[in-house]
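Student: This is the structure I have questions about; it appears just below.
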Amino acid sequence: MTAKARTAILFVCLGNICRSPLAEGVFRTVVSERGLDGAFEIDSAALGGWHVGEPPDSRSVAVARRFGIDISDQRVRLIMAGDFARFDLIFGMDRANMCRLRQLAPEAAHDRIHMLMAFALGREEEVPDPYYGDEADFLAVYGRIREACEALVERLAARDGSAASSGQA
Ligand code: 4NP
């Protein structure tokens, strides 16, 4: 049996400290819970460079930890030109992220760029920026991301058919 290529997924937000590190950590967890670790390459990146090299925001680390997910090892990186060729799917968290991603991406990559909630759940909803918010906002962000990631893995596993078997190879 030939090995199936991994689906490469990039989560993107403005700072890569609040939402996209949570999405990366939650998606990794959901994928792992389903025994699909080998089926995906998963990463996250920033559109703005203010926090490059830093760990995720302590409020994102805390909400992830509350649900048994450790995202503290992640470090902020900026999105780069090569990401638009390397990743099969690139997910922005809100409409502003989507505008910026479409500005940065070559035309050929535009069909790989989606807003997370819209692609995963068919709902044109944003994962709102919680940076100036409080713990409740981070909890709400976690809830949206968790719901989206659960739906996303189901959708991709169904689409790719053999994803489950390649994940266990
Ligand atoms: P994120 O949140 O895009 O979810 O990581 C933000 C983090 C930092 C800033 C804005 C949003 N900032 O302006 O530094």
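Student: With respect to L22, determine if the residue is buried (at least 16 other Cβ atoms within 10 Å of the Cβ) and either away from the ligand (no atom under 12 Å from the Cβ) or part of a loop (DSSP other than H, G, I, E, B) (or both).
Tutor: Numbers: buried (at least 16 other Cβ atoms within 10 Å of the Cβ): yes; either away from the ligand (no atom under 12 Å from the Cβ) or part of a loop (DSSP other than H, G, I, E, B) (or both): no.
It is false that L22 is buried (at least 16 other Cβ atoms within 10 Å of the Cβ) and either away from the ligand (no atom under 12 Å from the Cβ) or part of a loop (DSSP other than H, G, I, E, B) (or both).
Student: So is E41 in a strand (DSSP E or B), among the charged types (D, E, K, R), in contact with a strand residue (DSSP E or B) (Cβ under 8 Å, 6 or more places away or on another chain) and open to solvent by less than 70 Å² (accessible area, probe 1.4 Å) or not? I'd like the intermediate steps shown before the answer.
Tutor: Working: in a strand (DSSP E or B): yes; among the charged types (D, E, K, R): yes; in contact with a strand residue (DSSP E or B) (Cβ under 8 Å, 6 or more places away or on another chain): yes; open to solvent by less than 70 Å² (accessible area, probe 1.4 Å): yes.
When the stated conditions are applied, E41 passes them.
Student: Continuing with this model, one more query. Please find, within region 44-72, the residue that is nearest to the ligand (Cβ to nearest atom) out of those that are open to solvent by 60 Å² or more (accessible area, probe 1.4 Å) and assigned to a loop (DSSP other than H, G, I, E, B).
Tutor: First, the residues of region 44-72 that are open to solvent by 60 Å² or more (accessible area, probe 1.4 Å): 50, 52, 54-55, 58-59, 65-68, 70.
With the extra rule that they be assigned to a loop (DSSP other than H, G, I, E, B), the set shrinks to 50, 52, 54-55, 67-68, 70.
Working: W50: 4, V52: 11, E54: 10, P55: 12, F67: 17, G68: 21, D70: 18 Å.
If we take residues in region 44-72 being open to solvent by 60 Å² or more (accessible area, probe 1.4 Å) and assigned to a loop (DSSP other than H, G, I, E, B), then W50 is nearest to the ligand (Cβ to nearest atom).
The values are calculated or read from the model by the stated rules, or taken from the named source; none is laboratory data. Nothing here was measured: the structure is a model prediction, and the numbers come from that model. Neighbour counts are summed over all protein chains in view; Cβ atoms, including those assigned to glycine, are modelled from backbone coordinates with ideal geometry. Heavy atoms of the whole protein, side chains included, go into the accessibility calculation; ligands, DNA and RNA do not. Shrake-Rupley method; radii C 1.70, N 1.55, O 1.52, S 1.80 Å.
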